[in-house]
1. For a quick check: with amide H placed at 1.01 Å from N, whose amide H comes under 5 Å from residue 38's, ignoring anything fewer than 5 positions away on the same chain?
2. Tell me the angle of helix 3-18 to the major Cα principal axis of the chain, expressed in degrees between 0 and 90 and rounded to the nearest ten.
3. Where does helix 89-106 land angle-wise versus the long Cα axis of the chain, in degrees 0 to 90, nearest 10?
4. Which far-off residues, 5 or more places away or on another chain, put their amide H under 5 Å from the one on residue 24, with H placed in the peptide plane?
5. In the range 4-107, if the dipole is taken from +1 on Lys/Arg beta carbons and -1 on Asp/Glu beta carbons about the Cα centre, which of 7, 79, 34 is farthest to the positive end?
6. Suppose we flag trypsin sites (Lys or Arg not before Pro) only when DSSP calls them loop and at most 12 other Cβ atoms lie within 10 Å. Which is the longest uninterrupted stretch of the chain?
7. Counting only protein heavy atoms, what percent of the accessible surface of the chain is carbon or sulfur at a 1.4 Å probe?
8. Any idea of the accessible area per residue across the chain, 1.4 Å probe, to the nearest Å²?
Amino acid sequence: MGKDSQILDDLRAALALITPIERWCCQVYARDKHERPIGALDPKATQWCAVGALLHITQEEHTRMHDALDALMPCWPYGVSRMNDYLGHAAVLALYTQAIATVAAQD
């Protein structure tokens, strides 16, 4: 499996993870069922932000996570976390969709 193919898989899985709004959060990487901040890899996590979702999917393999974040960055120059916290769920989904399309077009 090529690098771009893996990045696509990571982006698609992260998007699927946070597409239901009840599985998305802001201000922290992840939250538990009581909406308390928790690590993105914690099995008790039930909500993730845009970056936390990638951490969860890639299991903190920093190279894969950073490659996937790099795919998101050209779409939003101020940082994915900031976009997540200030523009909201719909903007996060649009960002992921645009990044997936960009990477797929390069494949």
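The values are calculated or read from the model by the stated rules, or taken from the named source; none is laboratory data. As the structure is a computational prediction, the values presented were derived from the model and not from experiment. Note: ideal-geometry Cβ built from the backbone for every residue, glycine included; neighbour counts use all protein chains shown. Side chains are part of the model used for accessible areas, which takes the heavy atoms of the whole protein and leaves out ligands, DNA and RNA. Shrake-Rupley method; radii C 1.70, N 1.55, O 1.52, S 1.80 Å.
1. 30, 31, 32
2. Between the helix axis and the principal axis of the chain, the angle is about 30 degrees.
3. 20 degrees
4. The list, which skips near neighbours in sequence, is 48.
5. Comparing the listed Cα positions along the dipole, 34 ranks first.
6. Segment 45-107 is the longest.
7. Working: 3160 of 5820 Å².
Ligands and nucleic acids excluded, carbon and sulfur give 54 percent.
8. Here the residues of the chain average 54 Å² of exposed surface.
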